[in-house]
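What follows is a set of notes on a single structure, which appears directly below.
The values are calculated or read from the model by the stated rules, or taken from the named source; none is laboratory data. Please read all numbers here as calculations on a predicted model, not as lab measurements. All accessible areas refer to the heavy atoms of the entire protein, side chains included, with ligands and DNA or RNA removed. Shrake-Rupley method; radii C 1.70, N 1.55, O 1.52, S 1.80 Å.
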Amino acid sequence: AAERAERAWAGSRRCRGGRVRLIYQRDRAAPLTQVLLVVPRTGACLDPAGLQGLSRFALRLMLMGAGGMDHVALSGQLERLGSATGFSLFNDHLILRLSTLTANLDRALALFQTSLLEPNFDAGECAQLREELIGGWITDREESKQLRAQEVYLHRIYRGGPHGYRADGLLEGLRAATREGLKGQYGRVLGGREAICAVLLKRSFSMLRA
């Protein structure tokens, strides 16, 4: 109905790793659109033993620069469009997220697609992000007894298995991660489906504008 404040649309494409879904929601009360790519059968459970946290590290680095644009340039372009990108990483699935001013949807989607297909994985940004993640990991555990208790609980329940760790992983894993290892893990987490995600975004331009 025309009176409804929001409109939602969903599309999907099947691939070997499961059906990737694109979902968008447009706020009729404000000039904003949110786009979600839901990628199944992946997640923090794919972190190699001893390198827990590698998937989250790789996805954070993916968003820090792409297509030859460094973090400052990419962030600046997104900011000028009134856009922001992000992700939510779970043990068994991944959600990639874009929010933007509706008037700038096409350009924001193009930048989102560039981030997926052409991440820089720059050595300098990798080192900077590593320090940020390590600092956040230590601070979080110093300030939250509940978080520390949750880690002990997960480890005991899953007996050290892939599901027995939080997405931010282990301090040792963050310190041991290499740039090449992060690039490889990004490929494993997306499982080749970054191209499928890009196809969904490209084919949905006209429908998203409708």
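What the Cα atoms of the range 22-84 give is an Rg and a Dmax of 15.5, 48 Å.
Taking all protein chains together and a probe of 1.4 Å, list 122, 92 from the most accessible to the least accessible.
92, 122
Springs between alpha-carbon pairs under 10 angstrom, Gaussian network model over the chain: which of 77, 146, 34 fluctuates most? Result for the chain, Cα springs under 10 Å: 146 fluctuates most. Heavy-atom accessible area, probed at 1.4 angstrom with all protein chains present, ranks 175, 21 as 175, 21, highest first. In plain terms, if you count all Cα to Cα distances in the range 69-119 and split them into 5 Å steps from zero, the share in each step is 5, 20, 29, 23, 14, 6, 3 percent. Between 38, 72, 189, the residue with the greatest mean-square fluctuation in the GNM of the chain (Cα pairs under 10 Å linked by springs) is 72.
To the nearest 10 degrees, how steep is helix 194-203 against the longest Cα principal axis of the chain, on a 0 to 90 scale? Relative to the chain, helix 194-203 is tipped by roughly 20 degrees. In the full protein context, the range 20-139 carries 42 Å² of accessible surface per residue, based on a 1.4 Å probe and ignoring ligands, DNA and RNA.
Roughly how tilted is helix 105-117, in degrees to the nearest 10 and between 0 and 90, from the longest Cα axis of the chain? Relative to the chain, helix 105-117 is tipped by roughly 30 degrees.
Computed over the alpha-carbon pairs of the range 92-195, the distance histogram in 5 Å steps reads 2, 9, 15, 17, 19, 16, 12, 7, 3, 1 percent, short to long.
By accessible area, using a 1.4 Å probe on protein heavy atoms only, the chain has 52% of its surface on carbon and sulfur. What number results when the radius of gyration of the chain, computed over Cα atoms, is divided by 2.2 N^0.38 Å? Taking the Cα Rg and dividing by 2.2 N^0.38 Å, one obtains 1.07.
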